[in-house]
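Here's the structure, in structure tokens; my notes come after.
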Amino acid sequence: MAKKIICLFDVDGTLTTPQQVIKPSVDKFLQESVKKMFDIAVIGGSDLNKIKKQLGGEEIFKKYKYIFSENGLVSFRDGKQLSSESIQSKIGEEVLQDFINFALKYISELKLPFKRGTFVEFRTGMLNISPVGRNCSHEERLQFYEYDNEHQIRQKFIQALKKEFPDLALTYSIGGQISFDVFPNGWDKTYCLKHIEGYDEIHFFGDKVREGGNDYEIYESDLTIGHRVTGPEDSVNQLKVLQILVQDTQNKECPNAPMHCV
């Protein structure tokens, strides 16, 4: 019997370049080649609307077996929404406001090459905090990313939050180019795994897999087989290798049924 495999993909930096729409060639490969062998799913830290915008609008519910937004706090299987939780119900409105107020005050005192708008984005299961503001242009994103690499703006911000709120059981996760996520402990991307059932192997593909990155926990999980990628083209190449390896294994196990074992 052939193994039942699902491939689970991060979005930004894995299926798309950050904040950009998936390339038609990548989308076609997933839908016409990968889906012939494996189920496919996506998980992102962004909200559902952003993921839909990047991966094909309402059609994504037909394209992917599972769709996990906000690290899986908002989840869909076969187009039907699963249970969700909220950060305000977890930590309480009063504490949440204290946290947001401190973050906004910290940002107000930062001197950066530029600032734009939407510095704290409230999502269902997390806060997304951007020192430079999520309304910056693509070019400004790249500029801030380089500036942050040199000056560690986001990392210093996280350390200040940890010092101010040492008793809050929160995880801080840097992802993308301009922001970081804050969510209750255990609500990282491994949260989505409780919804994935019936598979022999879960292959996760992500780019931010080093400690502190928002793919780290799920990449290191004992429940997944992790694949570190450098971008959409690398994801395609690694998927082709996986297809060959799985096909070779099936051919050896079932030499008279090269496409699948029954």
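The values are calculated or read from the model by the stated rules, or taken from the named source; none is laboratory data. What you see is a predicted model; the values in this text were computed from it and never measured. Cβ placement follows ideal geometry from the backbone for every residue including glycine, while neighbour counts extend to all protein chains displayed. Side chains included, ligands, DNA and RNA excluded: accessible areas come from the protein's heavy atoms. Shrake-Rupley method; radii C 1.70, N 1.55, O 1.52, S 1.80 Å.
Over the chain, what is the relative contact order in whole percent, taking alpha-carbon pairs under 8 Å and six or more residues apart? The normalised contact order for the chain reaches 22 percent. Evaluate the Debye formula for region 1-124 with equal point scatterers sitting on the alpha carbons, no solvent, and hand back log10 of I(q)/I(0) at q = 0.14 Å⁻¹, in q order, two decimals. Evaluating at q = 0.14 Å⁻¹ gives log10 I(q)/I(0) of -0.74. For the chain, the longest principal axis of the Cα atoms and the long axis of helix 232-253 meet at an angle of about 30 degrees. Would you mind pulling out the separation of the Cα centroids of region 180-251 and region 7-45, in Å? Using only Cα atoms to place each centre, the spacing works out to 12 Å.
Axis of helix 138-151 versus longest Cα principal axis of the chain: the two differ by about 70°, to the nearest ten degrees. Under 26 Å of direct C-alpha separation, and excluding same-chain neighbours fewer than eight residues apart, Lys252 reaches these lysines: Lys3, Lys4, Lys35, Lys36, Lys240. Subtracting the Cα-Cα distance of Thr230 and Glu93 from 0.36 nm times their residue separation leaves 45.5 nm of extension gain.
What do you reckon, how do Ile225, Ile153 stack up by accessible area (1.4 Å probe), largest on top?
Working: Ile225 70, Ile153 20 Å².
Final ranking, largest accessible area leading: Ile225, Ile153.
Between the beta carbons of Ala160 and Lys252, assuming R0 = 45 Å, the FRET efficiency works out to 0.20 to the nearest 0.05. Once C-alpha pairs closer than 8 Å and six or more residues apart are averaged by separation and normalised to the residue number of region 60-167, the relative contact order reads 18 percent. Against the compact-protein benchmark of 2.2 N^0.38 Å, the Cα-based radius of gyration of region 162-262 scales to 1.41.
Scan region 168-257 for GluC sites (Glu not before Pro) in coil per DSSP, keeping those whose Cβ has at most 16 other Cβ atoms within 10 Å, and list them by number. Before the final figure, lay out each step's value.
On the way: sites: Glu197, Glu201, Glu211, Glu217, Glu220, Glu233, Glu253; in loops: Glu197, Glu211.
Answer in residue order: Glu197, Glu211.
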